[in-house]
Ligand code: SF4
C-alpha cells in the first residue's frame, strides 16, 4: 500500500498530489455521506499510524520523478482523518523544505480544539475543514461523531484556528437533501460561519458513493438558497471530471486499488484509466483487478463505483457485485 496517490484533478486545487497518512477509515466521525463507507469502529486516538519517515521517503521519490508542471498542490487527505496522525506537524515542515508547491489539508476539523493540533497545521497554505451543521443535533445526525469530539469543541476549534492560522481557511459544507438544506439549518450554519470568519465556504455535494444509500444531493433551488443565506464567501464547488494520472510502478491493478481506496471511481473513470495504461483488452484487465481481492463494486445514484474491498458499506444494494465484467459484456476479448 502506498501513502502517496494521484495527482487527482480538483476544481479548487488543480492537480493535487495526495498524502494519505492514515489507514482506511481511521476516523473520529462516521459521516452519512462518507465516500469511504462507514467508520467501524470510531477512532479518536492520535498516533503515528504509519511511520512518518516512510511517508516522507515515498513523497520524495514521487516528487523526484514527477514531470514538470504535473502537480499544483500537495494535499494531506485520504483514507481517514489526517489530523489523527501525530506526525502531521513534522510532515508539514518536511514537505515545505522539500518543495515550493503549496500545501493543503482536507480535514473534518474535529481536533482543532486541541492547541497542539492547531500548531501542527500552521505551516499549511490552505486548510479545508468541514462545517456542515450549525447545531449539535444536526452535527450528530450527519457526522455520528466520537463522543470525545463534540459540536461545541468543533466550533471552538475552528474559531481558535482562524485566529492563529494566517493561510486560507476554506470551510467545506456538504449539502444533503432533507438534512442541512433547509432555511433553518442553513441559518444556523450562517450564524456559526459569522463567528469563524473563513476566507471562503465551499458547498459540495454527495456525488461519490455515500456510506448510506438514502443520502442524496439537494435540488438546484436549495443550492441557490444556500448561497443566498451564506453570503458572498460561499460558492458551489462541483466535482471536476478530469483525467486522472496514475503512477504505475509495477502492477496496474495495485495502482487502481490504491487510488479507489482514497477516491472511489465510477466505472467509466476506471475504463478510461485502464485504457490509458494498458494495451490489454479492457474486459480482461478489469477482471484481473476485481480478482485481486482489493476492489469491489457498489451502486449509488444508479452508477457503478469501484471502491476498496475492505470498505464498510452496509445496506449495499442487492445489485452489488464483485465481478461485473464478462468478456461478452465488453464485446469479447
Ligand atoms: S467524510 Fe471525512 S470526516 Fe466524515 S467519516 Fe469520512 S473520512 Fe471521516
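Each value in this text was obtained by applying a stated rule to the coordinates, not by laboratory testing. None of the values given here were measured: they were computed from a predicted structure. Note that each Cβ is placed from the backbone with ideal geometry, even for glycine, and that neighbours are counted across all protein chains shown.
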**Q.** GNM result for the chain, Cα springs below 10 Å: residue of 310, 268, 57 fluctuating most strongly
**A.** 57
Q) Label-point separation (nm) for residue 122 and residue 281, each offset 7 Å from Cα along Cα-to-Cβ? A) 6.0 nm
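Across the range 20-99, how large is the tail of the calculated P(r) beyond 19 Å, expressed as a percent of all Cα pairs? The partial results should precede the final answer.
Values: 1322 of 3160 pairs.
Above the 19 Å cut-off, the range 20-99 has 42 percent of its Cα pairs.
Provide, as a two-decimal number, the C-alpha radius of gyration of the range 181-312 over 2.2 N^0.38 Å, N being how many residues it has. Write down the numbers at each step before the final one.
Values: Rg = 18.8 Å, N = 132, 2.2 N^0.38 = 14.1 Å.
Against the empirical 2.2 N^0.38 Å value, I get 1.34 for the range 181-312.
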Q.
Give me the one-decimal nm value for the distance between modelled label points at residue 221 and residue 168, 7 Å along each residue's Cα-to-Cβ direction.
A. 3.4 nm
(Q) Classify the chain from the C-alpha gyration tensor, please: rounded if a/c falls under 1.5, else prolate or oblate depending on whether a/b exceeds b/c. (A) oblate
(Q) Per DSSP helix of 4 or more residues, -39500 (n - 2.57); summed, then divided by the residues of the chain. What does that give at 222 nm, rounded to the nearest 500? (A) -10000 deg cm²/dmol
Q | Separation between Cα centres of the range 31-51 and the range 52-123, rounded to whole Å | A | 17 Å
Q: Would you please report the Å³ per residue occupied by the convex hull of the alpha carbon atoms in the range 82-241?
A: 125 Å³
Q) With each pseudo-label sitting 7 Å past Cα toward Cβ, what's the residue 207-residue 232 distance in nm, one decimal? A) 2.7 nm
Q.
Just to confirm the number: angle between the C-alpha axis of helix 220-230 and the first principal axis of the chain, 0 to 90 degrees, nearest 10?
A. 40 degrees
Q: Relative to the longest principal axis of the C-alpha atoms of the chain, give the angle of the C-alpha long axis of helix 88-98, reported between 0 and 90° and rounded to the nearest 10°.
A: 70 degrees
Q) Using the Cα gyration tensor of the range 139-193, with a ≥ b ≥ c the square roots of its eigenvalues, what is the shape: rounded (a/c below 1.5), prolate (a/b larger than b/c) or oblate (neither)? A) oblate
Q | GNM top mover of 224, 56, 91 - the chain, alpha-carbon springs below 10 Å | A | 224
Q: Using per-residue counts of other Cβ atoms within 10 Å, averaged over each peptide, order 293-303, 16-26 from highest down.
A: 16-26, 293-303
(Q) Need one word for the range 1-40: rounded, prolate or oblate. Basis is the Cα gyration tensor (sqrt eigenvalues a ≥ b ≥ c); a/c below 1.5 gives rounded, then a/b vs b/c decides. (A) oblate
Q.
Students often get this wrong: which residues of the range 41-56 have the backbone nitrogen under 14 Å from the point 7 angstrom along Cα-to-C-beta of residue 153?
A. 42-47
Q | Cα long-axis angle, helix 52-65 against the chain (0 to 90 degrees, to the nearest 10) | A | 60 degrees
